[in-house]
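Inspection log for the structure reproduced underneath, given as structure tokens.
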Amino acid sequence: MSKETPYVVIHAGVHKTASTYSQKILKRNQGYLEKIGVRYVHHRKTRKEYTIPVQLNGYANLGLNFKTKVTDGEMKKASRKFFKSIGAKKGERIVISDENVAGHCGHCVKSGVLYNRRSTLIPGFAKYMKYPVKEVHFAVRNYADFFASSYVEFLRNAKGGDVVDDTHMKLQVQKRVPSWVGFANDFAKAFPEAKIVIWQFENFRDLSDEILRALCGEAIGDREFAMPSKINRRPSASARAVEEMLKMIHMGEAEEALEKRVEIQDKFPRSDAYPGYDPWTEREREHLDRLYARDWAQLSKDERFTLLRTKEMANA
């Protein structure tokens, strides 16, 4: 570990891969981590003070008509202020977590691409880092499940004029063909000196402790992470809830559907009675499964990436 500057670690999510769960555990253990030289930066602080300005700066440079614009000079000041507020010492490990580094779920849903603005947002996130980034961590997920979950998240946060139905999303995904390989390559290009650590969300339950230890580094030793007294998991909308919302949207009642989304979700919560949302046919899902298996195999062969796997997974 370099003693000249803080040792910066980026946890870049992604969405719908239990990032919030990991963030809550890191927050719960924040006091102990600081005692051993690991400073966790809360994701809300990162998002407000760094990620959002970076994105507004990127959008401004793309010529997009956002009401708030951040110039390059303003972004440099925001970065200095952000890192100064962290107060990290030389040699101290900083863990910066935000699943919005590459963009938002809406970007995926509307374009059918894994974060269609990532080629601007990821380099921007890297460009304004005050200190060299030593590690970047993120998860990948089966394409069918990732886009299904992203669509539910999109509906949860969308505004009336932004709504697209799931048929549009499916057509875009099938036309554009998602690729975690391209996604990982963009991180490798933006952070050429960093160790890139990747794991599969499907193995999160078996890997959760290893993921947290990888983020926090060797100083954590054998100590067990204290768990939050209560983790409020936000319920996922069921297929029935999404169906009800889409009915209203197709009838031209998008605003009303979004106003009632919480009410609809509470009425049809994901449960044994109301299965999870899955827009894919069996054939479509099989195709996306094959793409995912192919891309994970390609990532596994790339020496630029460090994959987190249990011994059983590695020997399979």
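The values are calculated or read from the model by the stated rules, or taken from the named source; none is laboratory data. This one's a predicted model, so the numbers in the text were calculated from it and none came from an experiment. Cβ sites come from the backbone with ideal geometry, for glycine too, and all protein chains shown count toward neighbours.
Before moving on, here are some points about what is shown:
- Considering only residues in region 26-61 that are within 19 Å of residue 134 (Cβ to Cβ) and of a type in the set (D, E, K, R), the one that is surrounded by the most Cβ atoms within 10 Å (Cβ to Cβ) turns out to be 39.
- For region 165-223, the candidate set comprises residues that are among the acidic types (Asp, Glu) and under 25 Å from residue 286 (Cβ atoms); within that set, the residue that is surrounded by the most Cβ atoms within 10 Å (Cβ to Cβ) is 166.
- From 81, 48, residue being over 21 Å from residue 153 (Cβ atoms) and charged (D, E, K, R): 81
- Condition check for residue 64: more than 26 Å from residue 308 (Cα to Cα) and either surrounded by fewer than 19 Cβ atoms within 10 Å (Cβ to Cβ) or at pLDDT below 95 (or both): yes
- Among helices (runs of 4 or more DSSP H) entirely within region 119-213, having at least 3 residues that are among the charged types (D, E, K, R) singles out 143-157, 166-176.
- Considering residues of region 75-99 that are part of a loop (DSSP other than H, G, I, E, B) and not hydrophobic (A, V, I, L, M, F, W, C) only, the residue farthest from residue 5 (Cα to Cα): 99
- Qualifying residue in region 220-229 (condition: modelled with pLDDT under 95 and part of a helix (DSSP H, G or I)): yes
- Checking 225, 187 one by one, the residue that is touching a Cys at 6+ places or on another chain (Cβ under 9 Å) and touching a residue at least 12 places away in the same chain (Cβ under 8 Å) is 225 and no other.
- Qualifying residue in region 41-51 (condition: at pLDDT 95 or above, touching a helix residue (DSSP H, G or I) at 6+ places or on another chain (Cβ under 8 Å) and outside any helix (DSSP H, G or I)): yes
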